[in-house]
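One structure is given here, and the rest of the page talks about it.
The values are calculated or read from the model by the stated rules, or taken from the named source; none is laboratory data. Computed from a prediction, not measured in an experiment: that's the story for all the values here. We place every Cβ from the backbone using ideal geometry, glycine too, and count neighbours over all the protein chains shown. Remember, those area values only see protein heavy atoms, side chains included, never the ligands or the DNA or RNA. Shrake-Rupley method; radii C 1.70, N 1.55, O 1.52, S 1.80 Å.
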Amino acid sequence: MREFGPALSRLAYGYEKVAGVREELTQEIALAIWLALPHFRGECSERTFVYRIAHNRGLTHACRRRPDHDRLDELPATQEPIDPAPRPEEKIAIAGQQSRLRDAIQRLPLAYRQVVMLMLEDLSHKEIAEVLGISESNVAVRMNRARKALKESMEVRS
């Protein structure tokens with residue numbers, strides 16, 4: 001969890017917007033990984049193994065609860081520092097842009113949202129394909145469609 005905890009929390013964010021329920025989902029993911037560890041055969045990387053379990057748990061969660069597409073209230077914490085001294089007007093502009101992007105990502109169909117969230121976690125097309133159980137070309141198609149939908153959404157809301 002030290003290595004993958006923050007990433008799993010961000011991944012859960014793609015499946016659940018309510019903070020309390022998202023924390024429960026993250027705990028469910030952690031438990032599922034713990035239970036699956038004895039079955040890890042080394043046929044893929046640990047990272048792919050962990051994300052595959054997280055993806056499956058997220059799908060189970062999404063199927064149990066039909067997500068609504070209301071505005072997201074929180075931005076997950078990132079590991080990278082933000083510009084140390086942005087001016088106040090830049091902060092406001094950045095916050096607005098981040099909020100619009102979060103809203104746009106949350107409105108994407110689940111199949112596109114999954115690919116975007118995994119891509120934001122720096123997984124390669126091959127790793128995403130393994131996690132989602134689809135072909136690399138399907139990952140590329142979904143990513144292109146997601147980018148197009150995000151671009152259109154961001155242009156409409158600007």
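Summary of computed values
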{"quantity": "Separation of the Q98 and N144 label points, Cα + 7 Å toward Cβ, nm", "calculated": "3.2"}
{"quantity": "Computed E for D122/E90 - FRET, C-beta separation, R0 30 angstrom, nearest 0.05", "calculated": "0.70"}
{"quantity": "M1, M143, reordered so the largest accessible area comes first (probe 1.4 Å)", "calculated": "M1, M143"}
{"quantity": "Counted charge near E127, where neighbours are those whose Cβ lies closer than 12 Å (Asp, Glu -1; Lys, Arg +1)", "calculated": "-2"}
{"quantity": "Förster-model FRET efficiency, 25 Å R0, R41 and R2, C-beta, rounded to 0.05", "calculated": "0.60"}
{"quantity": "Average projection area in nm² (convex hull over Cα atoms of the range 1-50, one quarter of hull surface)", "calculated": "3.5"}
